[in-house]
1. Over 29 Å from the mean Cα position of the chain (by Cα) and of a type in the set (Lys, Arg): is that true of residue 324 in this structure?
2. Can you go through 412, 322, 392 and tell me which one is over 21 Å from residue 427 (Cα atoms) and in a helix (DSSP H, G or I)?
3. Go through the stretch 325-366 and give me each residue that's of a type in the set (A, V, I, L, M) and not in a helix (DSSP H, G or I).
4. Kindly provide the set of residues from the stretch 256-277 that are assigned to a loop (DSSP other than H, G, I, E, B), exposed (fewer than 12 other Cβ atoms within 10 Å of the Cβ) and out of contact with any helix residue (DSSP H, G or I) (no Cβ under 8 Å at 6 or more places or on another chain), ordered by number.
5. Collect the residues in the stretch 376-407 that are among the hydrophobic types (A, V, I, L, M, F, W, C) and more than 15 Å from the chain's Cα centre (by Cα), keeping them in residue-number order.
6. Provide a single number: the residues in the stretch 288-319 that are surrounded by 12 or more Cβ atoms within 10 Å (Cβ to Cβ), in a helix (DSSP H, G or I) and aliphatic (A, V, I, L, M).
7. Inspect the stretch 236-252 for any residue being free of Cβ contacts under 8 Å to residues at least 40 places away in the same chain, outside any loop (DSSP other than H, G, I, E, B) and acidic (Asp, Glu) and give the result as yes or no.
8. Do the conditions hold for residue 93, that is, is it among the hydrophobic types (A, V, I, L, M, F, W, C), surrounded by fewer than 19 Cβ atoms within 10 Å (Cβ to Cβ) and under 30 Å from residue 193 (Cβ atoms)?
Amino acid sequence: MNAFQLYGMNVGPDTEWETVIGLEVHVQLATESKIFSQARARLSAGGSVADEMPNANTTPVCAGHPGTLPSLNQKAVEYAVRTGLATQCRINLKSQFARKHYFYPDLPKGYQISQLELPLCEAGHLNIEVGAEGSVMRRIGITRIHMEEDAGKNLHRDGFSLVNLNRAGVPLVEVVSEPDLRTAEEAGAYLRKLYGIVTCIGVCDGNLQEGNFRCDANVSVRPKGCTRFGTRTEIKNVNSFRFVEKAIEVEAERQKQVILMGGEIHQETRLYDAQKNQTFSMRSKEEAQDYRYFPDPDLPPLLLGQDWVDGIRRSLPELPDQKRDRYRAEFGLSKYDSSLLSSSGELARFFEAAAIKVDYAKPVSNLLVGEVTRLLNDSGLELAQTKLVPKQFSDLAALILEQAVSVTAAKQVVGVLFKDGGDVPTLVERLGLKQLNDLRSIEPLIEQLIAANPKQVAEYRSGKEKVLGFFVGQVMKATGGKVNPGSLQELMIKKLKE
């Protein structure tokens, strides 16, 4: 493979590459009604109405009937302003809605109401932490945050298609970053930070499976040291942090290989196939002028009062970074645990409701960060979709601190609660997990174990203290893990030295 010129630089097999990433995140606002009509936008208990009976949550406005007029939802505007303020944006007191014309089979009026030249929010930023234990801080610019309506959903059948308009008109904000991200890890950190903010301030339910928070990733590559941007491709509608990271990595590698083989990158929209771990072309990418934007004649310019914006600013709750620092100072948690617990509004609220006493914070944190996070990742569920409630973790923390159950037993209890729910004391009793602290009853078992293993006893007495783990493990196995491990270790050392 011969060297060649690309963007004025020599490129060959040994070239070091840099990935340039910009993210467009669609955040579904948690308003009760849609952005331009009174149709429901979410269930009364939270979540999406998109999967209810098809077209049950529509009005003539949603369906694009002639003569209907949009009426702007003030709560959606408030939520959009909250998002802008929480991400350090400038709030434009005058903004304008525009019609974005495109062939939308799932938007019957034939255009989407969005914002272009005069968006609601501009020039913000997020600080992200990457590297070992978050040792590197990067400031990522936010170009704009604008309001728009969501589209419906097409259902394709053999020879025909159906359209479900339940989601059409659900309010969104689109958060557009600067092309400041350089790695998939940075992109993941940015998304997690933004997710934590919008769920913390209560503007988004954050259900990833229902598309409440989804991302389009713009990816290009260039030789390291080059200042010119390469041709970008857009990876469309990814609603998993891990999949966004994998999609960026595989697309960047694809682009490098195309260039090195003498090919050319075409600006296009691509989709990511998680099972095959590859991207594939969806359509050529349109430029803004192809959408034929023009100001919506049915919606006058949106004019906000500075006093109203300042009132929203004062009402903002504690943000994730502030919450993380408070958890470290108030509860003595590690930076990692504090960051994870404050990474979503739902998880933070759950933790604080469970850690009703300062002493409870560490055992509750350990269970949430460890066992619960593992169960959520394995199941693909959100915390609200499980049978877990904060009181269960308060009860478990109390039992752990009283040494009434071991940490291992507590994890077993969490596994049952995750699927079936229930009362902790009753479950501990039913499963026989109460910890044995009075060890007089198992002294005969310990003495029998020592008598049956003279070789291991001799090794321990000769200085091989690791052998102690063998004896402790045997007792724990024989008692089903019910023995207090600290007390057992003390007794075992005493017996081995006799």
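The values are calculated or read from the model by the stated rules, or taken from the named source; none is laboratory data. Values in this document were obtained by computation on a predicted structure and should not be read as measured data. Note that we place each Cβ from the backbone using ideal geometry, even for glycine, and neighbour counts take in every protein chain shown.
1. Details: over 29 Å from the mean Cα position of the chain (by Cα): no; of a type in the set (Lys, Arg): yes.
Judged against the criteria, residue 324 is not a match.
2. Values: 412 fails: over 21 Å from residue 427 (Cα atoms); 392 fails: over 21 Å from residue 427 (Cα atoms).
Just one listed residue meets the conditions, 322.
3. Taking the stretch 325-366 and keeping what is of a type in the set (A, V, I, L, M), we get 329, 333, 340-341, 347-348, 353-356, 358, 361, 364.
333, 355, 356, listed by residue number.
4. In the first step, residues of the stretch 256-277 are kept if they are assigned to a loop (DSSP other than H, G, I, E, B); the result is 261-267, 274-277.
Next, only the ones that are exposed (fewer than 12 other Cβ atoms within 10 Å of the Cβ) stay: 261-264, 266, 275-276.
Within the stretch 256-277, 261, 262, 263, 266, 275, 276 meet the criteria.
5. Within the stretch 376-407, the first condition is being among the hydrophobic types (A, V, I, L, M, F, W, C), and the residues that meet it are 376, 381, 383-384, 388-389, 393, 396-401, 404-405, 407.
Result: 388, 389, 393, 396, 397, 398, 399, 400, 401, 404, 405, 407.
6. So the count comes out to 2.
7. Yes: the stretch 236-252 contains one or more residues that are free of Cβ contacts under 8 Å to residues at least 40 places away in the same chain, outside any loop (DSSP other than H, G, I, E, B) and acidic (Asp, Glu).
8. Working: among the hydrophobic types (A, V, I, L, M, F, W, C): yes; surrounded by fewer than 19 Cβ atoms within 10 Å (Cβ to Cβ): yes; under 30 Å from residue 193 (Cβ atoms): yes.
Spelling it out, residue 93 is indeed among the hydrophobic types (A, V, I, L, M, F, W, C), surrounded by fewer than 19 Cβ atoms within 10 Å (Cβ to Cβ) and under 30 Å from residue 193 (Cβ atoms).
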